[in-house]
Structure formats: structure tokens, C-alpha cells
1. How big is the dipole moment of the stretch 163-310 about its Cα centre under a simple scheme where the beta carbon of each Lys and Arg is +1, that of each Asp and Glu is -1, and everything else is neutral? Debye, nearest 20, please.
2. Report the charge-dipole magnitude of the chain in Debye, nearest 20, computed about the Cα centre from +1 at each Lys and Arg Cβ and -1 at each Asp and Glu Cβ.
3. What distance in nm separates the simple spin-label points at ILE235 and GLU422, each placed 7 Å from Cα in the Cβ direction?
4. How far is helix 304-314 tilted off the main Cα axis of the chain, in degrees rounded to 10, range 0 to 90?
5. Once phi is turned into ³J(HN,Hα) by the Karplus curve 6.51 cos²θ - 1.76 cosθ + 1.60 with θ = phi - 60°, what whole-Hz value does each residue of the stretch 365-376 show in order, with x for glycine and proline?
6. Could you run the Karplus curve 6.51 cos²θ - 1.76 cosθ + 1.60 with θ = phi - 60° over the stretch 283-288 and give me ³J(HN,Hα) per residue in whole Hz, x for Gly and Pro?
7. Compute the signed sum of charges (Lys and Arg +1, Asp and Glu -1) over the other residues within less than 13 Å, Cβ to Cβ, of THR213.
8. Toward the positive end of the charge dipole of the chain, about the Cα centre and with charges on Cβ (Lys, Arg +1; Asp, Glu -1), which of THR236, GLN38, LEU362 goes farthest?
Amino acid sequence: MRIDKLNEECAVFGVSLHIDEAAGVTYNGLLALQHRGQEGAGIAVANNRSIVCHKNEGLVSEVFSGRELSDMPKGKAAVGHTRYSTTGHGSKENAGPFVTEYLTGRIAVAHNGNITNAKEIRSELSAFGLNFNATSDSEVVSSLIAYCITKEHSSIKGVARAAGLLKGAFSLVIVTSKNKLIAVRDPNGFRPLCIGKNGIGFAVASESCALETCGFEFARDIQPGEVVMIENGEITQQIKINNTKPPDNNGLGLCIFEYVYFARPDSVIDGLSVYEARYNMGIALAREYPVEADAVCGVPDSGLDAACGYSAASGLPLITGFVKNRYIGRSFIYPTQSKRDSAVRIKLNPLTVNVKGKRIVLVDDSIVRGTTSEKIVKSLKNAGAKEVHVRISSPPFRHVCHYGTDIDSEENLIANNMSIDEICGKIGADSLCFISINALKDACKKCTLSFCTACFTGNSGLQRNKKDVLECGKYVN
């Protein structure tokens, strides 16, 4: 296991405008979505003839420092991507967007999610003579879409056909060399995707916070299984993914961890404010697991809103327990354990004047391996806290995620190796409680979609058999 917090997969952003400012607007959108991916970034701009793409490893501001942004061509349509690798390695070649050339044009594809049948599709396409330069499933998606466009002689129909072959999680934004912007969300709606509008055109983003940052008014969420085409700053077509089936109540839907941790609190996803969801989680924790204490504090940043809810429901005062160094990224981006340990110490410093001599309720979003939680609890006690009672706004992680969240080995999940009492002892807390799955769902009940909770329950709905594997080959032949 590489991390003690889960990564945010990736972010996608795209625009179709009436003016030649697509690159700059996309850059600003990616800055607002930086929290979702910190390994690499890229922007692809269409100019009605071709597509120019610049991408590299690093943060958005690093990849587009100096002249990189100003050297991008003028264009009315563009897509952008920030990456945290779920398949493939963290390298320039695996950063998005992916540009694929075919007989009648080019496309650039940005992808958030994880394709569970990517290897099979790659094998089928390789047999047709397609070449691959990266190890990411996103490159496979881009090549498949290009292949299907040539078969359908239509951009939107080709995208719908390709999306019908994909299994797993995918929110896609695609730009063609003819300035067409296409947005797609998988039939389960695993990952968020929304549309915004203003006087200069439309934007599509993983989260609504990016739309607002760039001056677009939120219009609506893209629905599961929907394909939307935008041309010249106007929505021109909306169709369904080929072979889209209605929900079958198999326990799949929007990843509930979007509300727990991934998304920014100022985003609204499928009808529910992320802040409100986290606040409700805190209320539920206080009702399920009250404790005698003097104050409540949250672990920055995603534990802060749940801490507000816990304070409101319990009547305990809310305090600032930590000062966060805003110049340090989330600790999981560091490749070695020693660097991650240093990052935890550097970026979160206890506010001694607030915690000394007090019994503290510490609210956090999750415990994956326990190493970060152990250091945070220890730092509070070193600062003079009499007791530290930990409350977690997600249930224990016990299962591998097949759809993009970086849970790659069940044996490394602390909840599979220790009881809750044992975890409590390991992290040095005076008590430890996790929100129940039912309370978590209830906290998010205003969401218009059902949820995927497979990392907690093990119900992934993933059935991969010989028929599934060969479906792509049968379909595209």
C-alpha cells in the first residue's frame, strides 16, 4: 500500500467557447481541481484543424510554468487533466490528455476513473494494428474511441459505441480536431461530471467548484450513461451510451467517498452539497458515538466539516486543533515512507494553547493503514491533550476498489488485520469509533443517485467472465 489516505484518482475539465481563450480557462479549471490529482497535468487545445497538447509530471502550476501556457495555440475548445495514477506508472507518457490520430482527424481524451477490461480491449485493438506508447488505461480509452469513430463516421456515435464497450468507472471529456467537445459519464455514475454555462460558452468539470472558479454557472450534472456534445459554445446533441441498461440495484452508483474525502467542500455533486454531507456525517457520529470531552477538532481539511457537525450535535465547543502549512501537498504524493512521515510532521502542527489539558474529540475522514492517524494522535498528546477520542466519518476499509480508488491490497488495510480496539491501541487513542454504513448513507440521502460502497461492503458488482472479456472483440469486428 502506497498511502495512508486514499488518492483522488484524477480530474477532468473541458470548454467549448465563442472566444479563443480555451487554454487559459482550462488552466484555471485545473488549478481548482488540483486536489484530485498531483502526479501530472496536461491541456489539449483544438484549433479546428489539429490538436496541440502539452503535458508533463508535476502540479498544474509546474507543468505550465513560464511560457508553456502562453505558447499554447489560440482555440475555442480544449480539455485538461490532472492525474493520480490508478493504472500505469506516474510518468509523462501516462499523463493526460491522450491524443489519438485516426483517418479523418484527431481526438484528445481526459479520463477520470478506472477501466476494468482495459487489458482485454488493448489486446483486441493491438490485433487490429493499433500501437500503444503508455501503460495507462486512459490511452486504451482514447484509441478505442478513435477506432469507433471511424466505424460510425460520427464523433458522438463513435463515443457512445466505445463507451458501451467499457467496463468500470469513467467520466470522460473529449475534444476533436473539429472543435467538438464531448462529455461522457459511465452508466453507474461512479465519478462526478457536471456542466456549466456563461456568456462565452460551456464548461464540463469533475466538480462544480471548478465551474464557479472559472465564472461558469452550474447548469446540471451529466447523468449516468449520458453523452453530451457541445459545439461552438452550444449543446448540440445528447444521446445515451450504447447498451446502457437501467440500474439493477446491484450496489453500484456514485462513489460515496467523493462526499467523505475526494471532493472539495464547495462542490455540489448530484444534488448534494459536499459540505452538507460532511456536516451530516459529524452529526451522525455524535449521535452514534457520544463521549465525555471538552472540545472537538477536525483533521484538516476533510475532517473539519464533519467536526462542525459533531460539535453542533454534541454541544461541545469546536476548536482549531492544528495549524496547517498550506505549502505542503497531501502526504500521499511523496514516494517514500520517510518523506511521507516528514510531510505529516511539517504540514500539521498542533495548536498547543487550544488542546493542552483538554479531552479532545478528533474527527477525521478515514483510517487506511493507521500510520498517519498514529502520528496525529501522538502530536496532540505531546501538545498536552489529556485524552484523544477519534471519530471517523467513514466505515472501516476492508476491500479492494476496482473503480479507481487506490485500495490495491486488502492485506495492507489495517481493518483486515486488527479489531477496532486493536486499531485504537495502535494509534494511541483513548477511544475509536467509525460511522456505520447506514448512517453514512443517511448523511448523503439528498444525493440523487445510489452509491457504490464496495470498499466497505465488498459488493462491487464486478463479474468478469469469458463472455465479458470477449465482448469488445465481438463488437468491434
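Derivation of every value follows stated rules applied to the coordinates shown; laboratory data play no part. The model shown is predicted, which means the values in this text are computed figures rather than measured ones. Positions of Cβ are backbone-derived with ideal geometry, glycine not excepted, and every protein chain shown enters the neighbour counts.
1. Details: 12 positive and 18 negative charges, 156 e Å.
For this selection, approximately 740 debye.
2. Using only the charged Cβ atoms, the result is roughly 280 debye.
3. A separation of 5.2 nm, rounded to one decimal place.
4. It is inclined by approximately 40 degrees.
5. 3J(HN,Hα) across the stretch 365-376, in whole Hz: 7, 6, 10, 9, 9, x, 5, 5, 4, 4, 5, 5.
6. 4, 4, 4, 5, 6, 6
7. -3
8. Checked the options; the winner is GLN38.
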